[in-house]
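The values are calculated or read from the model by the stated rules, or taken from the named source; none is laboratory data. Note that this is a predicted model, so its numbers are computed, not measured. Quick reminder, even Gly has a Cβ in these numbers, built from the backbone with ideal geometry, and neighbours come from all protein chains shown. Note: accessible area is taken over every heavy atom of the protein model, side chains too, but ligands, DNA and RNA are not part of it. Shrake-Rupley method; radii C 1.70, N 1.55, O 1.52, S 1.80 Å.
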Amino acid sequence: MMNHQSQATISVTPQNKDRVAVLLAGYGEVQSYRDLSRYNQAASKYIAAQFVPIPDWLYPLAGKILALQDLYNFGVKHHQFHSPENEIFEKQRLGIEALLQERWGDRVQVFKGFYFCPPFVQQVVSDIIQQGFENLLIYPLLVVASAFTGAIAIEQVNEVIAAKAPLNHPQRAPFKSVRYIPSFATEPTYIDLMVRQLKEALTKSLASGFFESQIGIVLTVHGGPDKAQGLLTGTIDGQALYDGVRSQVQQQYPLISIGWVNHDIPFTKWSQPDLKQAAKSLINAGAQAILFKPLGWVTENFETLLDVEDAIQALRRQYPKVTYVRLECVNDDPDFLKIAVAWANPQIESMLTAQPILMGAIGSTLDDR
């Protein structure tokens with residue numbers, strides 16, 4: 001993967017008056033429990049079906065069954081939990097747009113679209129086309145890319161493009177250019193930000209009470225199935241991200257482990273160790289404090305909150321004398337927003353200075369490095 005910042009960032013004044021729509025894409029999380037069935041039905045179609053064969057007629061039933069599980073998990077077990085993800089995502093959108101418009105003015109506008117709940121990616125792309133934007137930058141705000149994450153954004157955008165511009169009508173091409181920002185799991189600026197936040201948290205919350213060798217660090221990344229019908233899961237990027245952070249931390253804090261956040265699916269083996277297994281190994285090695293730091297998410301969600309809290313509660317019952325700390329995602333941290341904008345600027349500049357393309361060549365502009 002090429003470095004997002006490897007391209008020149010010299011400011012160029014475009015000669016045309018084209019505009020760029022930046023589409024921040026993410027999973028999203030439902031704000032009403034009534035929508036859980038629809039959410040899980042879409043998730044089954046775009047994710048679960050990639051590694052567990054699911055016939056089309058089974059999607060509605062799978063959505064209802066998973067919704068019942070979520071109703072118990074969110075409503076009963078976790079006392080009417082509602083995820084802050086969508087609200088944080090909007091803060092990220094506003095922050096990124098403000099920084100981009102400092103350079104590009106109103107020629108660049110930032111939109112948000114979710115895969116499984118409103119505002120849906122497909123509808124947002126249709127709105128972007130209706131508003132007359134000539135260029136589209138697909139920007140999944142997801143750290144780790146796989147066939148189950150960033151690729152969903154491309155798939156859903158392409159569904160709209162195909163519907164708006166049949167191949168036999170090239171004059172109806174909805175965009176002059178479409179580009180894509182891939183995973184930033186191996187980006188040095190993101191890894192450095194994770195390291196800095198981790199060390200700052202250790203200094204504030206744990207350093208005074210324990211030797212460095214007594215502090216266990218679990219760096220959390222979303223897990224993935226071992227077999228996925230030949231498709232790459234996010235575990236490759238996730239492992240690379242963990243390795244990048246660990247290499248800068250391990251000399252000072254030697255007890256460090258990856259912790260995969262897994263979801264139990266019948267007949268499916270997931271990446272190991274999971275959260276509890278990782279923490280137990282560190283405790284058995286002498287850790288008297290365990291710190292959980294999310295690496296694979298930039299926005300807080302039920303996985304970074306509930307999954308980690310559930311693991312901590314289970315560990316407390318078995319190891320009550322150990323201290324546990326859960327850190328937050330980067331969310332709308334100004335430093336992260338500046339980094340995200342730095343990755344987008346070269347792509348925007350390329351689109352605003354590029355020549356129009358033919359309809360049949362739209363796919364070739366996707367910067368899938």
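Structure data summary
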| item | result |
| --- | --- |
| Cross-link pairs beyond the 32 Å C-alpha cut-off, checked among 17/164; 17/91; 176/293; 77/293; 112/293 | 176/293 |
| Accessible area of residue 180 in the full protein assembly, 1.4 Å probe (Å², nearest 10) | 10 Å² |
| Stokes-Einstein D in µm²/s, Kirkwood radius over Cα pairs - segment 84-149 at 4 °C with 1.567 mPa s viscosity | 99 µm²/s |
| For segment 344-349, Karplus couplings with θ = phi - 60° (6.51, -1.76, 1.60), whole Hz, Gly/Pro x | 7, 4, x, 5, 4, 4 |
| Within segment 294-316, backbone nitrogen closer than 17 Å to the virtual label 7 Å beyond the Cα of residue 284 toward Cβ | 315-316 |
| Cα centre as origin, Lys/Arg/Asp/Glu Cβ charges: segment 238-296 dipole, Debye | 80 debye |
| Principal axis box of segment 91-197, alpha-carbon based, largest edge first, Å | 52, 34, 24 |
| Sequence-distant residues sharing a close amide H with residue 27 (under 5 Å, placed H) | 115 |
| Under-5 Å amide H pairs with residue 20, H placed in peptide plane, nonlocal only | 108, 109 |
| Other-chain or far-sequence residues with amide H under 5 Å of residue 289's (modelled H) | 216, 323 |
| Label-to-label distance, nm, for residues given as residue 342 and residue 73 (7 Å Cα→Cβ offset) | 3.5 nm |
